[in-house]
1. Restricting attention to region 72-90, and to residues there that are over 14 Å from K59 (Cβ atoms) and open to solvent by 20 Å² or more (accessible area, probe 1.4 Å), which single residue is nearest to the chain's Cα centre (by Cα)?
2. Filter region 50-85 for residues that are within 20 Å of A136 (Cβ to Cβ) and either free of Cβ contacts under 8 Å to residues at least 24 places away in the same chain or in a loop (DSSP other than H, G, I, E, B) (or both) and give the result.
3. Determine if region 98-106 includes at least one residue that is open to solvent by 40 Å² or more (accessible area, probe 1.4 Å), modelled with pLDDT of 90 or more and in a helix (DSSP H, G or I).
Amino acid sequence: MVWGIVIGVILFLVLLAFEAVYLSNHFRAKRAKQDAAGHHYDRVWYGRSGSGYVAASGKQVIVFKTPTKQATFQLGKLYVFTSKRRVDFNETYAPLTVHQKLFGVFLSDADYADLMAWFADHHVLVTPEAQVLQEAQAILDEEAKKK
């Protein structure tokens, strides 16, 4: 009897935790959609689970995570790195710092394919993140051999 109550309370707390995560993501996604609606972007791709959005406006790409965490990149100075369905942005062709990783967005399969096609149409270099890390490691290994 006591074990049944303890297990019931634990399951109830787990259910509350899952509900809190769901509602948090729901309201973050709603806030991102409201923010995007307040601007006049050419195209918008929404992140999964309320992770923000990527928007195109003229010759700029805007990455929105929260009202205080957003970044604007010029198309001519933009490098895009991918890892599965995650898209990260940088102004140089180099591995990303922890701060730069904050602006990564996870996209649905359809939005990811559409965004990659948009980048191809606008001649933006898209590189798998693993390849960039491999190239950086090769450079470090080469430098170590010289010393």
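The values are calculated or read from the model by the stated rules, or taken from the named source; none is laboratory data. Nothing here was measured: the structure is a model prediction, and the numbers come from that model. We place every Cβ from the backbone using ideal geometry, glycine too, and count neighbours over all the protein chains shown. The accessibility values were calculated without ligands, DNA or RNA, using every heavy atom of the protein model including side chains. Shrake-Rupley method; radii C 1.70, N 1.55, O 1.52, S 1.80 Å.
1. Residue satisfying both the conditions and the ranking: R86.
2. K77, L78, K84
3. No.
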